[in-house]
Each structure stands twice: as C-alpha cells, then as structure tokens.
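The values are calculated or read from the model by the stated rules, or taken from the named source; none is laboratory data. The structure displayed is predicted, hence computed values, not measured ones. Positions of Cβ are backbone-derived with ideal geometry, glycine not excepted, and every protein chain shown enters the neighbour counts. Note: accessible area is taken over every heavy atom of the protein model, side chains too, but ligands, DNA and RNA are not part of it. Shrake-Rupley method; radii C 1.70, N 1.55, O 1.52, S 1.80 Å.
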Amino acid sequence: MTYYKKEYKRRLSFGQGNNALITLIAINLVIFVIFIFIEAIFYLRYENRQEAIAAFNNNVLSWFTLPADINKIGSRPWTIITHMFLHTSFWHVFANMLWLWMFGYIMQDLTGNKKIFPVFIYGALAGALAFVLAYNFFPALKPQLLVQSALGASAGIMAIAVAATMVAPGYRIFPMLNGGIPLWILTTVYIIIDLATIPVKNAGGHIAHLAGALMGVLFIYFFRKGYDWGKWMNDLFDWFNDLFNPDKPKKGKQIKHELFYKATATPYKKTPNVTEQRIDEILDKISQKGYNSLNEEEKELLKRASEKDR
C-alpha cells in the first residue's frame, strides 16, 4: 500500500486516538441508546402505546430537554447542556451524526483536533438562547411557551458547518466529480435541507439553528482576530485529563534537554530515516493539531516520504 493510500485511509478512520470528532459522535450515540432503552421499558409497562409515550415524555424526557419557559429552566438548569446531546428518533440522530461527521471531519482536517467541541458547544448554547428568547419575547410564539422544548445537536452541527466553510469555502470534496464540490455549496445545501425539514409549527427550531450558524461565523471571525473562545475549554479538558495521567511530570520538576557539546556549528546534518512508525506519528500530530504544528524536521520527513512513493 502506497504512502498516499495509507494516509487517506488513516484520515477516514474511526479508530484514531484522541479524536474529538469521534468522541462527540460517540457521546450522542450512547445517550441515544440509553434513552431508547428507557423508552422501551415504558412500552412494556403500559398496554397503550400513547400512554407509554406520554409517561416517558413527562417522567423522563422532560427532565433533559430544554423548556422554552424560563421558570422551568430555573428548576432544571442542567437542560442547557443535556438537550444538545439528546435525540429520541433514529432518523433524527442518524441525519445529525451523518452531517456532523461530514462537516466535523473537514473542520478537523483544516484546524486540528481542538476546535470541534468548542464550536459545537458554543453553537448549541447560542441556539438554546435564541430558542428561549424567541418564545418569551415574540408575541406570535408566546401561546406555545409552556409546551415547547428543544433537543438535538442540530444547532451545534450548524455552527461547525458554517465555521468550516468560513475557514476554507473553496475546500473541495468528492474530487472524482469534475474536480470536486466546493464546501460552500455543501453547506448551503445542508442549511436548506435542515431548515426545510423542521416542522412549520416549530418556528423556534428555525431560529435556534440560524443562531447556531451565526455563532459559527462569530467564532471564526474572532479567532482570526486573535481571540480563541475555545482555549479555556481545551485547557480545562487538558487539566482534567492530566489528573489521571501517570506519565505527567510532577509539579516543580523540569524536563531537561541537554546537549553534550558546546560547539557553535552542528558537527553533522541529522537526516532521520523514513519509517512507517515515524510517518504514523506525524499524521497523528496533523490530525490533532493541524499541519502548521509540524517542525521543519517533520515537514522534511513527510516530504521525503511522499517523494519515495512516486
């Protein structure tokens, strides 16, 4: 297998370590399975299907979806987070995870491994805020205030789709189709499909998804200005992860890199061997932090590997 084929296979793999996109998809799917299992228990307890659905919604689902009523949110503040990972329909979660994988893969390829979760969470929170404000301040929506609630990852996925498009609108997918389809076209199709499939009576859903898209624009805009809104999330995750990392150096100890000669000139030019293990490590680094994180030696090694396969 050539180097390019192995690289393409690795980039499409679901088995890469520290892959934020796969982790996010896994969280959504695990939560979906848990709630489907709980719903199945309710079907076994009630003879009437409608009674089972009503009991499940009132006793379980309503405690995790985001209510439009601000008073209810005050008694269930965790719903601000839980609603964005919750799906109750197979086709809902299937469509959302498919779009998440498509746009998340592209964004991770462009920006590295540390932007997926922040953009998703900010987009979902923006959608939640817009959803609640719409039902509380728009007169036409106020009659539905007490019965409407939000759930699903769509606002967060919308933010990822728009953010990826902001980074590289000309990024092309499916290159075998006349040179590829530009990313901005795929994003436009996604937005049209997303908004068209929301029930007409759920106007708050349209508003929430558009708010997610706006958050994707704002995240990349301010990132280009030097403000990384996701840094604190990544720092928090790294801190928590290091608590359970036995290989982390203890506080106060420094890792020393010593040179055993003091000459000003390098006695020889270091030319590392091109090994499959070394190439795999470099590809993992690109997947997690982006191409710009490579040092000159790693870039040169990758270049030599590509020339070797020609």
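Numbers below:
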| quantity | calculated |
| --- | --- |
| Check on ALA155, under 30 Å from VAL60 (Cα atoms), modelled with pLDDT of 85 or more and surrounded by 12 or more Cβ atoms within 10 Å (Cβ to Cβ) | yes |
| ILE160 vs. criteria closer than 19 Å to MET97 by Cβ and in contact (Cβ under 8 Å) with a residue 40 or more places away in the chain | yes |
| Counted residues, the stretch 180-201 - those being over 18 Å from GLY123 (Cβ atoms), open to solvent by less than 50 Å² (accessible area, probe 1.4 Å) and assigned to a loop (DSSP other than H, G, I, E, B) | 1 |
| Candidate set: the stretch 60-81, residues that are open to solvent by less than 60 Å² (accessible area, probe 1.4 Å) and within 21 Å of ILE41 (Cα to Cα); chosen: the one nearest to the chain's Cα centre (by Cα) | THR65 |
| Criterion violated by PHE131 - all others in (1) in a helix (DSSP H, G or I); (2) over 20 Å from TRP63 (Cα atoms) satisfied | (2) |
| Within the stretch 15-54, tally of residues that are crowded, with 17+ Cβ neighbours inside 10 Å and more than 30 Å from ALA164 (Cβ to Cβ) | 3 |
| Where TYR8 falls short, out of the listed (1) modelled with pLDDT of 90 or more; (2) of a type outside the set (Lys, Arg); (3) surrounded by fewer than 17 Cβ atoms within 10 Å (Cβ to Cβ) | (1) |
| Near pairs, Cβ below 8 angstrom, 6+ apart or cross-chain, from the stretch 62-81 (within 18 Å of SER154 (Cβ to Cβ)) to any residue that is open to solvent by less than 30 Å² (accessible area, probe 1.4 Å) and in a loop (DSSP other than H, G, I, E, B) | PHE64/LEU86; THR65/LEU86; THR79/THR65 |
